[in-house]
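One structure below.
The values are calculated or read from the model by the stated rules, or taken from the named source; none is laboratory data. Quick caveat, the model's predicted, so the values are computed rather than measured. We place every Cβ from the backbone using ideal geometry, glycine too, and count neighbours over all the protein chains shown. The accessibility values were calculated without ligands, DNA or RNA, using every heavy atom of the protein model including side chains. Shrake-Rupley method; radii C 1.70, N 1.55, O 1.52, S 1.80 Å.
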Amino acid sequence: MTGPRHLLRAGLACLLLALLLVPLGGCGTDIARSAACERFLSVLEPGYARIESLRWRHPEGTLNPEDTLNNVRGEYRLTGSGVTRWIRCDFAAEAQEDGSFALTRLETDREGVFSPVQRHMLFLALRLAGPAPERPASPWQPAAYFMQQMLNALTVASPYALLAVGFTLIYGIIGRINFAFGEMAMLGAYVTVLLAVLAGEAGGVLSNPLLLLGLLAAVMAITGLYGWQTERLVFRPLRHSPSHAVLIAAIGLSIFLQEGVRLVQGTRDRWLQPVFTGRYRIADSGDFAVYASLGQLILIATAGLLLAVLLTLLDRHRIGRTIRACGEDARMAALLGVNVNRTVALCFAIGSALAAAAGLLLALYYGGVNFHMGFLIGFKALAAAIIGGIGSVPGAILGALVVGMLETFWSAYFTGAYKDVSVFALLAVILIFRPHGLLGRPPGRGD
């Protein structure tokens, strides 16, 4: 018999499906083209090092609907200057063989449109520009550089922590790994972009704290409901089956989500306008200044708040005691009156909501989403959960910090191309020498 609760759940699931069917157009500026245009700005603007704000957007009234990523306009202001200046770059539609972009037009508010000869001279200046004259290094420069990398590591680790906690919640209660959690983050990122587009994608909408909290709550609720229904339809019938059946179902669900989004939304990256463009100088050694962007601070604070709420819920609330009881002995918990099915479904919903929050933070911070973004992010978060000790929520958070620091410091001090290799090499070492992870319990031991 169909009750009101079932009708409500089915209606919310249909709402999620309807949102995913909304086609996305080009959303905001292309980061790669903005970076290319900023290189020209570094040569044209003598006070480039004193730029206190730089915001990229598409020129208004000049774009065709199918050519939204080939034109960028940067508006900037120098420190101590009240004048806003701008630079505009138009690029060819296709990237060149080396991955760079062909500049077809360059214009600034002071120089006007650059001629082909002027553009050629600009390219020569970029190639011939040597390093700045060497100055005696400050003894505090290594410390400032380390501090900057620590801030970057926290930025990288925050989404990993949210996903790793989702992995460990599910594993702790049913002893299985849901490989589709990376795709839950991708789903949350797409729902974020969809809701932003439906709201008009106005910068004031996303930068308003109350509206941003509302967007976070909506994304977490929609994806959490999807996770709840996933447990009911996919994992619950297979809960007592051999482990390989659950593994195959999880991988199949991951592929289903990836391909479903690809077929509906296409293969192109979708972009949001930059929202949190401010940055703050938090330390200065004289030779190296440590900056924290507003996006970094919001990402770290939001992830930290959600993790703190979850730890409090698990430690002090009746729901947390119920989850721990089902994880220790589901049969005994059922004999004591605990609804095991509802508790397991709640863990799936909480884990999916945290994954959606990670996707929202990634979409707002980096600006771009695509259908395969959850694959590598999900595997790195799973590696973080295993390194920290899968089944332990504090271990998952610790593992995410370890992975984030390893990625960041490897890129900062070594070759960045091998940062992913370093993460999975560490995972292999942990599995060999400490298979239960840093904070996990060896199997078969009590508290």
How many residues, within the stretch 406-422, are in contact with a Lys or Arg (Cβ under 8 Å, 6 or more places away or on another chain) and among the small types (G, A, S)? 1
The stretch 397-425, residues that are open to solvent by 50 Å² or more (accessible area, probe 1.4 Å) and touching a Leu at 6+ places or on another chain (Cβ under 7 Å): L398
Being under 26 Å from L211 (Cβ atoms), out of contact with any Asp or Glu (no Cβ under 9 Å at 6 or more places or on another chain) and open to solvent by 30 Å² or more (accessible area, probe 1.4 Å) is the requirement here; does F288 meet it? no
Evaluate the stretch 344-365: report whether one residue or more is surrounded by fewer than 20 Cβ atoms within 10 Å (Cβ to Cβ) and among the β-branched types (V, I, T). no
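Look through the stretch 89-99, keep the residues that are open to solvent by 40 Å² or more (accessible area, probe 1.4 Å) and under 19 Å from W56 (Cβ atoms), and return whichever of them is modelled with the lowest pLDDT. Let's see the steps before the verdict.
Taking the stretch 89-99 and keeping what is open to solvent by 40 Å² or more (accessible area, probe 1.4 Å), we get 93-99.
Subset that is under 19 Å from W56 (Cβ atoms): 93, 95.
Working: A93: 71, A95: 61.
In this case the residue turns out to be A95.
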Unmet requirement for T223, which otherwise passes all of (1) outside any helix (DSSP H, G or I); (2) β-branched (V, I, T); (3) touching a Leu at 6+ places or on another chain (Cβ under 6 Å): (1)
Any chance L313 is open to solvent by 40 Å² or more (accessible area, probe 1.4 Å), in contact with a Gly (Cβ under 8 Å, 6 or more places away or on another chain), under 30 Å from V340 (Cβ atoms) and not β-branched (V, I, T): yes
Test of understanding: among A217, A189, A283, which residue is among the aliphatic types (A, V, I, L, M), surrounded by fewer than 17 Cβ atoms within 10 Å (Cβ to Cβ) and at pLDDT 90 or above? A217
Kindly provide the set of residues from the stretch 432-441 that are under 16 Å from S392 (Cβ atoms) and either touching a helix residue (DSSP H, G or I) at 6+ places or on another chain (Cβ under 7 Å) or open to solvent by 90 Å² or more (accessible area, probe 1.4 Å) (or both), ordered by number. R434, G437, L438, L439, G440, R441
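Is it fair to say I255 is open to solvent by 60 Å² or more (accessible area, probe 1.4 Å), outside any loop (DSSP other than H, G, I, E, B), over 18 Å from Y171 (Cα atoms) and modelled with pLDDT of 90 or more? Steps first, answer last, please.
Numbers: open to solvent by 60 Å² or more (accessible area, probe 1.4 Å): yes; outside any loop (DSSP other than H, G, I, E, B): yes; over 18 Å from Y171 (Cα atoms): yes; modelled with pLDDT of 90 or more: yes.
In short, yes.
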Inside the stretch 104-117, can you point out the residues that are surrounded by 13 or more Cβ atoms within 10 Å (Cβ to Cβ) and not in a strand (DSSP E or B)? F114
Criterion first (open to solvent by 40 Å² or more (accessible area, probe 1.4 Å) and either under 27 Å from R279 (Cβ atoms) or modelled with pLDDT of 80 or more (or both)) does R127 satisfy it? no
Odd one out for A383, checked against (1) free of Cβ contacts under 8 Å to residues at least 60 places away in the same chain; (2) within 17 Å of the chain's Cα centre (by Cα); (3) open to solvent by 20 Å² or more (accessible area, probe 1.4 Å): (3)
